[in-house]
Amino acid sequence: MLRVKNVMAEVKINNLRQLYIGIGSNLDNPVAQVSLAIKKLSELDKLNTMRESYFYESPPMGPSDQNNYINAVVMFKCGESPEDILLLVKGIESSMGRKKGAARWSERVIDLDVIMYGDIPYKSDVLSIPHINAYERAFVLLPLMDINPDIYIPTQGYAKDLIRECLYKDIKKINKK
C-alpha cells in the first residue's frame, strides 16, 4: 500500500503567512475574555504584526439557555506549522480556564479557532484549515472582512459572497467596554 506523508505536519513553514484566529466567549465578562485572549496571542514571540477586527455579539449556536457570544478575529504573520499553531492556541485556552471535553456548542470562557492560514488548505485528525464551518457563520465572516474586505477563504469562496448565504446571521457590532 502506498502511504502519503503529511509534509506540513513534519516540516516547519519557513515563510510568513497570514494567520487568522477566531475568538469567542460567553462567560465571565466575554468582552474582557476576548480582549485578554487577544493580548495573550499578541504576546507570543511566534506571532507578528497583529490586526484586529471589531467585536460582535451573536446568540449561541447551541442551547439557547446560554448567554450571547462576543466574537472577534485577529490576523498575525506567522511561520509556524499548523500543528504548532494549534498547540499555541490550545495553551492559551487552557491558561484562560477552558475545560477539555465540554459539550459541543456549550458555553465557554474562551474559544480560539484557526480560521485560515495563508492560502493553505490543511487537514489532520485534529485540525482543518480553513475552519470547516467558516462559510456559514457571520460571526466569523464579518470580522474577517473588517481586516480584509476582499478576503478569500480557500475551498469556500469570498467572504463578501458567503455572507449573503450564511446560516448564522443574527449578529451586531458592539463597542468594547
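I need the full set of residues from the range 118-132 which are in a loop (DSSP other than H, G, I, E, B) and in contact (Cβ under 8 Å) with a residue 24 or more places away in the chain, in order please.
Passing the criteria: GLY118, ASP119, ILE120, PRO121, SER124, VAL126, LEU127, PRO130, HIS131.
Restricting the range 73-87 to residues that are surrounded by fewer than 19 Cβ atoms within 10 Å (Cβ to Cβ) and in contact (Cβ under 8 Å) with a residue 12 or more places away in the chain, which is nearest to ARG51 (Cα to Cα)?
So the residue we want is LYS77.
For the range 57-87, which positions are over 19 Å from GLN33 (Cα atoms), hydroxyl-bearing (Ser, Thr, Tyr) and under 17 Å from the mean Cα position of the chain (by Cα)?
Across the range 57-87, the qualifying residue is only SER81.
Could you give every pair whose Cβ atoms fall below 7 Å, whose first residue belongs to the range 152-175 and is within 18 Å of GLY24 (Cβ to Cβ), and whose second residue is of a type in the set (Val, Ile, Thr) and in a loop (DSSP other than H, G, I, E, B), counting only separations of at least 6 or pairs across chains?
From residues that are within 18 Å of GLY24 (Cβ to Cβ), the pairs are ALA159/ILE151.
If we keep just the residues of the range 53-85 that are among the acidic types (Asp, Glu) and under 21 Å from ASP170 (Cα atoms), which is modelled with the highest pLDDT?
GLU57
Does ILE115 fit the bill of being over 22 Å from PHE55 (Cα atoms) and touching a strand residue (DSSP E or B) at 6+ places or on another chain (Cβ under 6 Å)?
No, not satisfied.
Determine the pairs where a residue that is within 19 Å of PRO143 (Cβ to Cβ) and loosely packed, with under 15 Cβ neighbours inside 10 Å, located within the range 61-72, has a partner that is at pLDDT below 90 and among the hydroxyl-bearing types (Ser, Thr, Tyr) with Cβ atoms under 6 Å apart, the partner being 6 or more residues away or on another chain.
Nothing qualifies.
When the residues of the range 110-137 are filtered to those that are among the hydrophobic types (A, V, I, L, M, F, W, C) and crowded, with 20+ Cβ neighbours inside 10 Å, which remaining residue is farthest from ASP170 (Cα to Cα)? So that I can check it myself, show each step before the final result.
We begin by selecting, within the range 110-137, every residue among the hydrophobic types (A, V, I, L, M, F, W, C); these are 110, 112, 114-116, 120, 126-127, 129, 132, 134.
Subset that is crowded, with 20+ Cβ neighbours inside 10 Å: 110, 112, 114-116, 129, 134.
Details: ILE110: 20, LEU112: 20, VAL114: 22, ILE115: 20, MET116: 23, ILE129: 25, ALA134: 15 Å.
Checked the range 110-137; the qualifying residue farthest from ASP170 (Cα to Cα) is ILE129.
With the requirement that a residue be at pLDDT 90 or above, part of a loop (DSSP other than H, G, I, E, B) and acidic (Asp, Glu), what does the range 133-177 give you?
ASP150
The values are calculated or read from the model by the stated rules, or taken from the named source; none is laboratory data. Note that the structure is a prediction, hence the values are computed from the model and not measured. Every residue, glycine as well, gets a Cβ built from its backbone with ideal geometry; the counts of neighbours run over all protein chains shown.
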